[in-house]
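Have a look at the structure below, then the notes.
The values are calculated or read from the model by the stated rules, or taken from the named source; none is laboratory data. Bear in mind that the values here come from a model prediction, so they are computed numbers and not experimental data. Please note: Cβ atoms are built from the backbone with ideal geometry, for glycine as well, and neighbour counts cover all protein chains shown.
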Amino acid sequence: MPVGSDRNVEGAAQPPPLGAGAAADRIAATGAAAPILSVNNIEVVYDHVILVLKGVSLTVPKGKIVALLGANGAGKSTTLKAISNLLSAERGEVTKGSIIFDGEEVHARSPNELVRRGCIQVMEGRHCFAHLSVEENLLTGAFTRGGAGAAIRRDLDLVYSYFPRLKERRSATAGYISGGEQQMCAIGRALMSRPKMILLDEPSMGLAPQLVEEIFKIVGDLNAKEGVSFLLAEQNTRMALKRATAMCWKAAAWCSTAMPRPWARTRT
Ligand code: ATP
């Protein structure tokens with residue numbers, strides 16, 4: 001089906017378009033204190049035997065940014081993949097606990113269903129489609145949603161308004177743009193699905209400090225202006241805490257390799 005054509009996604013509630021209302025309106029309508037995500041005491045096992053997470057709990061209030069901090073191998077990516085249901089691709093599974101996104105237990109939901117419901121992950125390492133142009137990459141982000149081509153075009157313009165660099169590079173092949181531009185492309189592509197929440201895995205990885213600053217500023221703007229909630233897994237504690245706005249509680253975690261515990265740091 002051509003990108004940008006009309007599509008009806010069966011059973012999927014269509015979220016409001018990005019930029020259609022101020023973040024404050026959206027948050028006020030839903031109640032600022034209500035969590036968009038709660039992870040309750042989950043356990044994750046890889047290959048049926050490797051226990052990687054145990055007793056991890058955290059909450060992301062609607063319209064907030066929560067930073068999930070931890071060292072290499074602490075289990076941040078695993079926590080995000082557990083939420084977005086991507087673990088099965090790596091022979092991992094959530095064996096205990098529950099994950100509630102937007103009022104609904106999501107354990108049985110496929111990753112694409114979750115995207116339709118507004119929860120999308122931007123994986124560590126950017127993962128753009130290397131042979132597609134920047135704009136084609138962005139358009140793939142609209143694949144799971146319905147809506148007319150005109151609406152998709154509007155959202156594309158909105159993405160370009162947040163990432164003017166992507167507009168300049170719209171025809172460039174994604175495999176040949178810089179790491180920072182690829183990270184922007186990956187976040188922009190996620191935005192094209194009209195998310196309520198983005199699980200953002202180490203956006204600072206391998207980028208120059210100036211670019212990291214630029215990307216985190218855009219994340220802050222998306223949160224403030226579009227009301228997108230973020231769960232932000234980072235090793236760059238200073239930068240993550242600069243942008244984290246949500247108040248949540250510590251995420252107790254345990255790794256089989258006795259790595260440091262990741263924790264959710266929050267701030268009002
Ligand atoms: P990083 O910052 O390096 O990505 P992280 O905090 O995101 O680290 P994870 O990638 O979640 O950590 O890894 C947590 C633990 O789970 C590590 O000990 C890792 O070796 C292990 N692990 C991750 N993926 C798998 C897998 N597919 N099979 C087995 N073990 C895994």
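Things worth noting here:
- Search result, residues across region 123-151 that are of a type outside the set (A, V, I, L, M, F, W, C), buried (at least 20 other Cβ atoms within 10 Å of the Cβ) and assigned to a loop (DSSP other than H, G, I, E, B): Arg126, Gly141, Thr144, Arg145
- Within region 196-268, strands (runs of 3 or more DSSP E) holding 1 or more residues that are at pLDDT 75 or above, more than 16 Å from the ligand (Cβ to nearest atom) and small (Gly, Ala, Ser): 229-234
- Complete set of residues in region 35-45 that are surrounded by 16 or more Cβ atoms within 10 Å (Cβ to Cβ) and modelled with pLDDT of 90 or more: Ile36, Leu37, Ser38, Val39, Ile42, Glu43, Val44, Val45
- The number of residues in region 63-117 that are charged (D, E, K, R) and crowded, with 19+ Cβ neighbours inside 10 Å comes to 6.
- In a residue-by-residue description of region 150-157, the property of being closer than 28 Å to Ser110 by Cβ, aliphatic (A, V, I, L, M) and under 16 Å from the mean Cα position of the chain (by Cα) applies to no position.
- Residues (within 14 Å of Glu124 (Cβ to Cβ) and surrounded by fewer than 15 Cβ atoms within 10 Å (Cβ to Cβ)) located in region 194-220: Gly206
- Neighbours by Cβ (under 6 Å, 6+ apart or cross-chain): first from region 87-109, without any contact (Cβ under 8 Å) to a residue 60 or more places away in the chain; second small (Gly, Ala, Ser) and within 16 Å of the ligand (Cβ to nearest atom): Val94/Ala82
- Pairs are defined by a Cβ separation below 7 Å, a sequence spacing of at least 6 or placement on different chains, a first member in region 160-172 that is under 10 Å from Cys185 (Cα atoms) and assigned to a helix (DSSP H, G or I), and a second member that is β-branched (Val, Ile, Thr) and modelled with pLDDT of 95 or more; the pairs so defined are Leu166/Val134.
- The residues of region 169-187 that are within 21 Å of the chain's Cα centre (by Cα) and either acidic (Asp, Glu) or within 16 Å of Thr140 (Cα to Cα) (or both), listed by number, are Ala174, Glu181, Gln182, Gln183, Met184, Cys185, Ala186, Ile187.
- Yes/no for Ile120 being assigned to a strand (DSSP E or B), surrounded by fewer than 23 Cβ atoms within 10 Å (Cβ to Cβ) and hydrophobic (A, V, I, L, M, F, W, C): no
- Region 213-236 residues that are within 26 Å of Gly73 (Cα to Cα), paired with ones that are basic (Lys, Arg) and assigned to a loop (DSSP other than H, G, I, E, B) (beta carbon under 8 Å, 6 or more apart): Ser229/Lys62; Ser229/Lys64; Ser229/Lys196; Phe230/Lys64
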